[in-house]
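The structure appears below as structure tokens.
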Amino acid sequence: MYLALIVVGWSLSAVNDRHLTIKALDMALGRRCPEPGLLHHSDRGSTYASQDYRDILVKHGVTCSMSRSGDCLDHAAMESWNSTLKSELGECFESPSDANWKLFDYIEVFYIQARSHSSLDFISPSQFENQHRQLFTTILED
């Protein structure tokens with residue numbers, strides 16, 4: 001079983017549509033190249049339910065799982081991440097280019113590589129994954 005504790009795909013657009021979520025999905029699939037059987041959980045938003053989006057999941061052997069209707073707790077971790085992002089980075093940017101640059105720096109440089117997380121015993125998501133990758137490699141070699 002594999003659980004991504006790192007933001008593996010993200011995208012920025014002036015419009016919240018299926019193209020936005022497909023860009024983020026493409027980034028995640030390109031970075032991780034998951035084997036068939038990956039479970040992808042999302043809310044029931046139209047961007048995740050679009051035929052284009054679901055076709056990409058099927059093409060990559062990804063099983064789609066959607067939250068139950070009206071169950072806000074299904075996405076508590078993602079809602080917490082959004083809250084952290086907004087409180088640490090803010091919500092106002094000078095331009096779309098400024099937003100893209102600041103989001104890249106926050107997510108790719110700070111949040112994944114350097115920010116310690118209490119849920120990960122106060123290490124960064126990158127350090128956590130590296131430690132567990134080494135542990136699994138050692139176990140498989142024995």
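The test for being over 17 Å from the mean Cα position of the chain (by Cα), within 19 Å of S11 (Cβ to Cβ) and either of a type outside the set (S, T, N, Q) or not in a helix (DSSP H, G or I) (or both) holds for D52.
Exactly one residue out of L103, L73 is of a type in the set (A, V, I, L, M), part of a helix (DSSP H, G or I) and modelled with pLDDT of 85 or more, and it is L103. On inspection, R115 passes the criterion of being under 20 Å from I6 (Cα atoms), of a type in the set (K, R), modelled with pLDDT under 90 and not in a helix (DSSP H, G or I). Residues that are within 15 Å of the chain's Cα centre (by Cα) and β-branched (V, I, T) occur in the range 75-98; there is at least one. Considering only residues that are in a helix (DSSP H, G or I) and not hydroxyl-bearing (S, T, Y), look in the range 25-47 and name the one that is surrounded by the fewest Cβ atoms within 10 Å (Cβ to Cβ). Among those that are in a helix (DSSP H, G or I) and not hydroxyl-bearing (S, T, Y), it is G30. Number of residues in the range 8-20 that are over 11 Å from the mean Cα position of the chain (by Cα) and without any contact (Cβ under 8 Å) to a residue 60 or more places away in the chain equals 7. Among what's in the range 13-24 and is of a type in the set (A, V, I, L, M, F, W, C) and surrounded by 13 or more Cβ atoms within 10 Å (Cβ to Cβ), pick the residue that is farthest from I107 (Cα to Cα). Per the stated criteria, the residue is I22. Just one of the numbered conditions (1) more than 16 Å from the chain's Cα centre (by Cα); (2) closer than 26 Å to L38 by Cα is not true of F122: (2).
Write out, first by first residue and then by second, each pair whose Cβ atoms fall under 7 Å of each other, whose residues are 6+ apart or on separate chains, and whose first residue, in the range 112-123, is on the phi < 0 side of the Ramachandran plot while the second is surrounded by 10 or more Cβ atoms within 10 Å (Cβ to Cβ) and in a helix (DSSP H, G or I). Partner pairs satisfying both residue conditions: I112/P125; I112/S126; Q113/S126; H117/P125; L120/F128. Just to be sure, is S87 loosely packed, with under 10 Cβ neighbours inside 10 Å and either part of a loop (DSSP other than H, G, I, E, B) or touching a helix residue (DSSP H, G or I) at 6+ places or on another chain (Cβ under 8 Å) (or both)? No; evaluated as a whole, the condition is false for this residue.
The values are calculated or read from the model by the stated rules, or taken from the named source; none is laboratory data. The structure displayed is predicted, hence computed values, not measured ones. Every residue, glycine among them, receives a Cβ derived from its backbone with ideal geometry; neighbour counts consider all protein chains shown.
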